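Participant: My structure is below; once you've seen it, I'll send some questions.
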Amino acid sequence: MKKELQNLRNKALKELARVKDLSAVEAWRVAYLGRKGTLTQLLRSVGQLSAKERPKVGELGNRIKEELQTALQARIQELEKEAQKVREAETLDITLPGRRPPQGGLHPVTRTLNEIIEIFTPLGFSVYEGPEVEWDRYNFELLNIPPDHPARDMWDTLYIAPPYGKGQDMLLRTHTSPGQIRLMQEMAPAPLRVLIPGRCYRYEAVDPTHEWMFVQVEGLAVGKKITMADLKGVLSHFARQMFGEELKVRFRCDYFPFVEPGAEMAIECFVCHGPGCRTCKYTGWIEILGAGMVHPQVLRNGGYDPAEFSGFAFGMGVERIAMLKYGIEDIRYFYGNDLRFLSQFR
Ligand code: FA5
């Protein structure tokens, strides 16, 4: 019996040392010292021993019981101390300075677009948006570009399957000009002045000034007695507001099937200021927009009578404006998602 008591003691102490938390300690207590615990039961059987053996075994049993109770209290204290340490480590120290959350900023293209809108708003232009996935007839046909027109080569894009038939094909718009038709059809015969910003897509050989996805802002003014002088005046005003007086502006004749006459506007290259460099493709100029007087047929397609109404339109590349404004040499930086570039525009 003495041996049995010693073995029980050793086993119990070993287990107690391995116990990891207070609820496991309680389970240990119940297992050894509880009313039906192993030690309690063993001590109960001491009564059946002979009168000679009983006192010695009884005394040993009580000593072991006390030893286990003391060990139990010590283990409880130890575990409480550990738990306290964990609690202290988890306590919120409100005197520590907070961690600054990373702060984003507007993308340079969005910023430039907002600046463009701010320049045109006081001139009476409001802002509309059209769909990026567009019908062929809005992107091309109603803008005087029938299916076999060579101008389609300049504006090849991604078509959305399946083909729906003549003029019914869907595509990613190549310019914001389809918005002209949509707006005119909605507003005719009222005079209008609108900006239509949005993303455009083209099958493009990407280079420092060409992306396959870029943002344009379309401008359209339709009314009575609108002339080319209005077009030139508005766009020159825009260029002065945007770039100051320093950079030279150039208008040249250009061809777009939906305007007559057509023009392009270029700004002096901000990198080389004239002699030519990689950014301006060695021309000294960076083209920022196409423009012209709205073609009579396009006015008709939009629901206006060209005998009564005239209008001007332009389409400018927002990345090109941002490049000129902020001195960015390559358009690919805009969509490369490099934070070293983007975070300069906070
Ligand atoms: C057009 O897209 C015509 N819709 C513009 C227009 C509107 C003419 C109304 C007449 C009346 P163009 O393809 O030239 O034209 O593009 C207009 C401008 O968009 C360019 O001057 C340029 O600033 C920008 N742009 C064109 N292609 C790209 C490209 N791949 N990457 C970045 N910008 C581009």
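For (1) in a strand (DSSP E or B); (2) under 30 Å from Gly274 (Cβ atoms); (3) not assigned by TED's automatic domain parsing to the domain that holds His295, each residue gets a yes or a no:
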{"site": "Gln180", "(1), (2), (3)": "no, no, no"}
{"site": "Gln185", "(1), (2), (3)": "no, no, no"}
{"site": "Ala190", "(1), (2), (3)": "no, no, no"}
{"site": "Ile196", "(1), (2), (3)": "yes, no, no"}
{"site": "Gln216", "(1), (2), (3)": "yes, yes, no"}
{"site": "Leu235", "(1), (2), (3)": "no, yes, no"}
{"site": "Arg252", "(1), (2), (3)": "yes, yes, no"}
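Participant: Pairs, please: C-beta under 6 Å, at least 6 apart or cross-chain, first residue of a type in the set (A, V, I, L, M, F, W, C) and in the range 25-43, second outside any helix (DSSP H, G or I) and surrounded by 15 or more Cβ atoms within 10 Å (Cβ to Cβ)?
Facilitator: Going by the 6 Å Cβ cut-off, the qualifying pairs are Val25/Val19; Trp28/Val19; Ala31/Gly37.
Participant: Next up: Any chance you could count how many residues in the range 287-346 are closer than 23 Å to Glu264 by Cβ, among the aromatic types (Phe, Trp, Tyr) and modelled with pLDDT of 95 or more?
Facilitator: Total meeting the criteria: 3.
Participant: Taking the criterion of being away from the ligand (no atom under 14 Å from the Cβ), within 30 Å of Gly223 (Cβ to Cβ) and assigned to a loop (DSSP other than H, G, I, E, B), would at least one residue in the range 155-178 satisfy it?
Facilitator: yes
Participant: If you don't mind, there's one more thing I want to ask. Looking at (1) touching a Gly at 6+ places or on another chain (Cβ under 9 Å); (2) open to solvent by 20 Å² or more (accessible area, probe 1.4 Å); (3) near the ligand (Cβ under 8 Å from one of its atoms), which one does Arg320 not meet, given that it meets all the others?
Facilitator: With (1) touching a Gly at 6+ places or on another chain (Cβ under 9 Å); (2) open to solvent by 20 Å² or more (accessible area, probe 1.4 Å); (3) near the ligand (Cβ under 8 Å from one of its atoms) applied to Arg320, the lone miss is (1).
Participant: Restricting the search to the range 228-267, which residues are in contact with a Lys or Arg (Cβ under 8 Å, 6 or more places away or on another chain) and either open to solvent by less than 40 Å² (accessible area, probe 1.4 Å) or basic (Lys, Arg) (or both)?
Facilitator: Met242, Phe243, Ala263, Glu264, Met265, Ala266, Ile267, listed by residue number.
Participant: So Ala307 clears everything in (1) part of a helix (DSSP H, G or I); (2) more than 9 Å from the ligand (Cβ to nearest atom); (3) farther than 13 Å from Leu143 by Cα except one condition, right? Which one?
Facilitator: (1)
Participant: Sort out which residues of the range 262-293 are among the charged types (D, E, K, R) and in contact with a strand residue (DSSP E or B) (Cβ under 7 Å, 6 or more places away or on another chain), and write them in order of number.
Facilitator: Scanning the range 262-293 gives Glu264, Glu268, Glu287.
Participant: Test Glu129 against the criterion of being touching a Pro at 6+ places or on another chain (Cβ under 6 Å), away from the ligand (no atom under 12 Å from the Cβ) and modelled with pLDDT of 90 or more, and give yes or no.
Facilitator: The answer is no for Glu129.
Participant: Let me ask something else about it. Exactly one condition in (1) within 14 Å of the ligand (Cβ to nearest atom); (2) surrounded by fewer than 21 Cβ atoms within 10 Å (Cβ to Cβ); (3) touching a residue at least 60 places away in the same chain (Cβ under 8 Å); (4) not aliphatic (A, V, I, L, M) is false for Gly292; which is it?
Facilitator: Every condition holds for Gly292 apart from (2).
Participant: Within 22 Å of Pro122 (Cβ to Cβ) and among the aliphatic types (A, V, I, L, M): is that true of Ala190 in this structure?
Facilitator: yes
Participant: Would the range 272-289 turn up any residue that is in contact with a Phe, Trp or Tyr (Cβ under 7 Å, 6 or more places away or on another chain), part of a strand (DSSP E or B) and either farther than 23 Å from Tyr138 by Cβ or open to solvent by 50 Å² or more (accessible area, probe 1.4 Å) (or both)?
Facilitator: Taking every residue of the range 272-289 in turn, none turns out to be in contact with a Phe, Trp or Tyr (Cβ under 7 Å, 6 or more places away or on another chain), part of a strand (DSSP E or B) and either farther than 23 Å from Tyr138 by Cβ or open to solvent by 50 Å² or more (accessible area, probe 1.4 Å) (or both).
Participant: Among the residues of the range 106-114, are any out of contact with any Asp or Glu (no Cβ under 8 Å at 6 or more places or on another chain), closer than 30 Å to Tyr326 by Cβ, hydroxyl-bearing (Ser, Thr, Tyr) and surrounded by fewer than 19 Cβ atoms within 10 Å (Cβ to Cβ)?
Facilitator: Checked against the condition, which is being out of contact with any Asp or Glu (no Cβ under 8 Å at 6 or more places or on another chain), closer than 30 Å to Tyr326 by Cβ, hydroxyl-bearing (Ser, Thr, Tyr) and surrounded by fewer than 19 Cβ atoms within 10 Å (Cβ to Cβ), the range 106-114 yields at least one hit.
Participant: Those residues that are under 29 Å from Pro296 (Cβ atoms) and part of a helix (DSSP H, G or I), I need them from the range 122-144; list them, please.
Facilitator: Listed by number, the residues that qualify are Leu123, Asp136, Arg137, Tyr138, Asn139, Glu141, Leu142, Leu143.
Participant: When you check Gly98 against the structure, is it surrounded by 10 or more Cβ atoms within 10 Å (Cβ to Cβ) and farther than 26 Å from Val194 by Cβ, yes or no?
Facilitator: Judged against the criteria, Gly98 is not a match.
Participant: Among the residues of the range 191-209, are any more than 36 Å from the chain's Cα centre (by Cα), more than 22 Å from Gly327 (Cβ to Cβ) and surrounded by fewer than 21 Cβ atoms within 10 Å (Cβ to Cβ)?
Facilitator: Scanning the range 191-209, I find at least one residue that is more than 36 Å from the chain's Cα centre (by Cα), more than 22 Å from Gly327 (Cβ to Cβ) and surrounded by fewer than 21 Cβ atoms within 10 Å (Cβ to Cβ), so the answer is yes.
The values are calculated or read from the model by the stated rules, or taken from the named source; none is laboratory data. These numbers were taken from a predicted model, which means no experiment stands behind them. Glycine gets a Cβ as well: all are built from the backbone with ideal geometry, and neighbour counts include every protein chain shown. Protein only, heavy atoms only, side chains kept; ligands, DNA and RNA dropped before computing areas. Shrake-Rupley method; radii C 1.70, N 1.55, O 1.52, S 1.80 Å.
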